[in-house]
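> Encoded as structure tokens, here's the structure I'll be asking about.
The values are calculated or read from the model by the stated rules, or taken from the named source; none is laboratory data. This is a predicted model, so every value here is computed, not measured. Counting neighbours? That spans all protein chains shown, and the Cβs are built from the backbone with ideal geometry, glycine included.
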Amino acid sequence: MSAIFITGGSGFVGAHVVRAFVREGWAVTVFGPSPEPCLTQKDLSEITFLPGSIAEAGSIADAINTANPDFVVGLAAYGGTGDGLLASAAKNESSALAVNVQGFHHLLTSCSELTKRPKVIWASTFAVFGDASAYPGGIANEFSLRKPDSFYGLTKVLAEDLANFFR
């Protein structure tokens, strides 16, 4: 059985990803501050939940070492104000940087230091491109110039650059 480690697994998208891997028979470990808002008691009975903060290097390193995963899925994003990702990042830029950029750096560093290096899958966001009207026909793709118009989008641009650095 393959093992997968998921950050942000208690969020809306993350909980669906967790359930998909459970259905496929994977050993799933979810890391985050809380199983709320989206993981149910049934979910928790089928996975390992390790509490901690991706913003704390030691916390994420210990969790990854404990899980010893084959794959890592990075879905953690700062949403601490409960107003959505973009508004939360705008209201608390320091926390958004700590989770979305520094936390992602901690995740990548922890994975790179393992003897058995897991494959890392990370989700960015369309927010790295900003307003669609800035692009011909309102369409951006992976080759389009990144023009974030929100602080959240900026943090994801920085994280994309970190991912490329660690490649």
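> So for the range 2-18 (the condition being out of contact with any Leu (no Cβ under 9 Å at 6 or more places or on another chain), in contact (Cβ under 8 Å) with a residue 40 or more places away in the chain and closer than 26 Å to Phe126 by Cβ), does at least one residue qualify? I'd like the intermediate steps shown before the answer.
First, pick out the residues of the range 2-18 that are out of contact with any Leu (no Cβ under 9 Å at 6 or more places or on another chain): 2-4, 12, 16.
From what is left, the residues that are in contact (Cβ under 8 Å) with a residue 40 or more places away in the chain are 2-4.
Filter again for closer than 26 Å to Phe126 by Cβ, leaving 4.
Checked the range 2-18: at least one residue is out of contact with any Leu (no Cβ under 9 Å at 6 or more places or on another chain), in contact (Cβ under 8 Å) with a residue 40 or more places away in the chain and closer than 26 Å to Phe126 by Cβ.
> Tell me which of these Thr115 doesn't satisfy, since it passes every other one: (1) assigned to a helix (DSSP H, G or I); (2) among the hydroxyl-bearing types (Ser, Thr, Tyr); (3) more than 15 Å from the chain's Cα centre (by Cα).
Just one mismatch for Thr115, condition (1).
> Does Ser112 fit the bill of being among the hydroxyl-bearing types (Ser, Thr, Tyr), buried (at least 16 other Cβ atoms within 10 Å of the Cβ) and either modelled with pLDDT of 95 or more or within 19 Å of Gly14 (Cα to Cα) (or both)? Full working, then the answer.
Working: among the hydroxyl-bearing types (Ser, Thr, Tyr): yes; buried (at least 16 other Cβ atoms within 10 Å of the Cβ): no; either modelled with pLDDT of 95 or more or within 19 Å of Gly14 (Cα to Cα) (or both): yes.
No.
> For the range 118-139, give me the residue count where each residue is in a helix (DSSP H, G or I) and surrounded by 13 or more Cβ atoms within 10 Å (Cβ to Cβ). Reasoning before the result, please.
Within the range 118-139, the subset in a helix (DSSP H, G or I) is 126-129, 132-134, 136-138.
So of that shortlist, the ones also surrounded by 13 or more Cβ atoms within 10 Å (Cβ to Cβ) come out as 127-129, 134.
Count: 4.
> If you go through the range 59-85 one residue at a time, how many are at pLDDT 95 or above, surrounded by fewer than 21 Cβ atoms within 10 Å (Cβ to Cβ) and within 18 Å of Val101 (Cβ to Cβ)?
Total satisfying the criteria: 2.
> Scan (1) out of contact with any strand residue (DSSP E or B) (no Cβ under 9 Å at 6 or more places or on another chain); (2) touching a residue at least 40 places away in the same chain (Cβ under 8 Å); (3) closer than 29 Å to Ala61 by Cβ for the single condition Pro118 breaks and write down its number.
Going through the list (1) out of contact with any strand residue (DSSP E or B) (no Cβ under 9 Å at 6 or more places or on another chain); (2) touching a residue at least 40 places away in the same chain (Cβ under 8 Å); (3) closer than 29 Å to Ala61 by Cβ, Pro118 breaks only (1).
> Which count do you get for residues in the range 91-100 that are in a loop (DSSP other than H, G, I, E, B) and hydroxyl-bearing (Ser, Thr, Tyr)?
Within the range 91-100, the first condition is being in a loop (DSSP other than H, G, I, E, B), and the residues that meet it are 92.
Add one more test, that the residue is hydroxyl-bearing (Ser, Thr, Tyr), and what stays is none.
Adding up the residues that qualify gives 0.
> Kindly provide the set of residues from the range 123-155 that are in contact with a helix residue (DSSP H, G or I) (Cβ under 6 Å, 6 or more places away or on another chain), hydrophobic (A, V, I, L, M, F, W, C) and under 18 Å from Ala55 (Cα atoms), ordered by number.
Correct list: Phe151 only.
> Among the numbered criteria (1) over 13 Å from Phe31 (Cα atoms); (2) in a loop (DSSP other than H, G, I, E, B); (3) among the polar types (S, T, N, Q); (4) touching a residue at least 12 places away in the same chain (Cβ under 8 Å), which single criterion is violated by Ser88?
Exception for Ser88: condition (2).
> Part of a loop (DSSP other than H, G, I, E, B) and either under 12 Å from the mean Cα position of the chain (by Cα) or without any contact (Cβ under 8 Å) to a residue 12 or more places away in the chain (or both): does that describe Gly103? Outline the logic, then answer.
Working: part of a loop (DSSP other than H, G, I, E, B): no; either under 12 Å from the mean Cα position of the chain (by Cα) or without any contact (Cβ under 8 Å) to a residue 12 or more places away in the chain (or both): yes.
Judged against the criteria, Gly103 is not a match.
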